[in-house]
């Protein structure tokens with residue numbers, strides 16, 4: 001009878017284990033724990049290292065770019081979003097961060113950073129399609145001029161917004177009148193060269 005009791009107990013133990021394992025399979029899987037997210041708040045200004053030397057630019061960081069959020073990571077825009085990370089030699093004058101030219105006359109900056117590269121920095125946040133829809137000039141000039149030819153990087157307020165149309169047109173006229181004058185000179189030179197050949 002002792003063997004029969006042991007067999008019965010073994011049978012009951014196996015049945016209990018089978019029921020327990022079947023219940024575990026039938027139950028819905030437990031939801032994965034949601035990782036806690038934390039919003040990092042800087043204790044000091046992340047641009048402080050830049051604005052200690054570039055004081056003239058610090059006022060502009062209260063303007064449009066200073067209030068902006070980077071659409072790629074939803075963090076506030078900082079100097080390094082546009083200019084990149086400087087090397088340790090930067091304070092000694094090494095030109096190792098993105099510099100934006102303010103006109104086609106700024107040949108040194110254009111040599112260092114082609115127009116497409118300078119504008120690529122802007123286009124990482126400002127999408128081309130809405131810009132073209134807002135103003136035709138963005139489509140015409142986007143590959144031939146730097147964005148900074150018309151827009152300031154560090155303004156207290158964006159100069160292109162809210163200014164009279166005459167002032168906006170003046171930007172166009174300033175560049176295109178020079179082109180027009182150069183074109184007239186070329187035409188006159190061409191006419192005089194043609195006149196000499198005829199005689």
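Just so it is clear, none of the values below were taken in a lab; they were calculated from the coordinates. Nothing here was measured: the structure is a model prediction, and the numbers come from that model. Here the Cβ positions follow ideal geometry from the backbone for every residue, glycine too, while neighbour counts run over all protein chains shown.
Please give the contour-minus-distance gain from residue 144 to residue 168: 0.36 nm per residue of separation, less the Cα-Cα distance, rounded to one decimal in nm.
Numbers: separation 24, 0.36 × 24 = 8.64 nm, distance 1.85 nm.
Contour length minus the Cα-Cα distance gives 6.8 nm.
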| When ranked by the protection proxy of mean other Cβ atoms within 10 Å per residue, highest first, what sequence do the peptides 141-150, 84-93 form? | 141-150, 84-93
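Please give the FRET efficiency for residue 184 paired with residue 125, using the beta carbon to beta carbon distance and R0 = 41 Å, rounded to the nearest 0.05. Mind dumping the intermediate values first?
On the way: r = 40 Å, r/R0 = 0.98.
That pair, residue 184 with residue 125, gives E of 0.55.
So if R0 is 35 Å, what FRET efficiency would residue 91 and residue 117 give, r being the distance between their Cβ atoms, rounded to the nearest 0.05? Please report the intermediate quantities before stating the final value.
Values: r = 24 Å, r/R0 = 0.68.
Once rounded, the FRET efficiency stands at 0.90.
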| note | Residue span residue 132 to residue 21: 0.36 nm per residue of separation minus Cα-Cα distance leaves a gain in nm of 33.6 nm
